[in-house]
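These notes are about the structure you will find just below.
The values are calculated or read from the model by the stated rules, or taken from the named source; none is laboratory data. Owing to the predicted nature of the structure, the values given are computational and were not obtained by experimental measurement. Neighbour counts run over all protein chains shown; Cβ positions are idealised from the backbone, glycine included. In case anyone asks, the SASA skips ligands and DNA or RNA and just uses the protein heavy atoms, side chains included. Shrake-Rupley method; radii C 1.70, N 1.55, O 1.52, S 1.80 Å.
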Amino acid sequence: MTNPATATLLTPLGSLALTGSEAGLSAVTFLDEAAEATAAGNVPACLRPAHEQLQAYFNRELREFNLTYAPTFGTDFQRQVWQALTGIGYGRTASYFDVAKLLNNPKSVRAVGAANGQNPLAIVWPCHRVIGADGSLTGYAGGMHRKKWLLEFEQPTRQGGLFG
């Protein structure tokens, strides 16, 4: 098996590492240390769509990702949860209970939370849009400051006063 291709994208939230192969995108991970961005011309062909779409997302030009995915791990249940995340639209949120109900398993709230925390494709599979049943922000593998930023970023622009 060949080594997966990698690229780094600089975002307002820091560096993102993209990993994948010809089979598809396998990981989008926040890096805690600053990393040099991969120049657009040096992004491996298999990662170009993800690189371009994530740039467009952060430029407010894209709300839905259209990529081929190839996660390298995950139980059937985790994959069901991750698939359900794609149904939470841009600018919207859902609770862990909402996701559990969607999977016809309302008692699986904790398991949904655990699967959410193992999501290999940050932002692309929008686990940041899953919140507590009371509307509170709950854990996020990328850090709560990033979750808060992403949720605020996805909110419709609110117009202030005409002259203020």
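Rolling a 1.4 Å probe over the protein heavy atoms gives the range 65-143 an accessible area of 50 Å² per residue. The overall shape of the chain, judged from the alpha-carbon gyration tensor, is oblate: a/c is not under 1.5, and a/b is no greater than b/c. When the Cα gyration tensor is reduced to axis lengths a ≥ b ≥ c, the ratio a/c stays below 1.5 for the range 28-74, which is therefore classed as rounded. In the range 1-90, Cα pairs under 8 Å separated by at least six residues give a relative contact order of 27 percent. For a label point 7 Å from the Cα of residue 40 along Cα→C-beta, name the residues of the range 2-23 whose backbone N is under 14 Å from it. Once the point is set 7 Å along Cα→Cβ of residue 40, 10 turn out to lie under 14 Å by backbone N, inside the range 2-23.
Relative contact order of the chain: 19 percent, from C-alpha pairs under 8 Å at least 6 residues apart in sequence.
Helices in the chain, meaning DSSP H runs of at least 4 residues, each add -39500 (n - 2.57). Divided by all residues, the mean residue ellipticity at 222 nm is -8000 deg cm²/dmol. For the set 57, 90, 69, solvent exposure ranked by accessible area (probe 1.4 Å, protein chains only) runs largest to smallest as 69, 90, 57. Most simply put, the chain has about 75% antiparallel DSSP beta bridges, counting only bridges with both residues inside it. In whole percent, and with a 1.4 Å probe on the protein chains, what portion of the accessible area of the chain is carbon and sulfur? C and S fraction of accessible area: 50 percent. Computed with every protein chain present, the accessible area of residue 63 is close to 150 Å² [probe 1.4 Å]. Annotation: amide H of residue 27 within the under-5 Å range of 19, sequence separation 5 or more or interchain, hydrogens built in the peptide plane. Between residue 155 and residue 17, the contour length at 0.36 nm per residue exceeds the Cα-Cα span by 47.2 nm.
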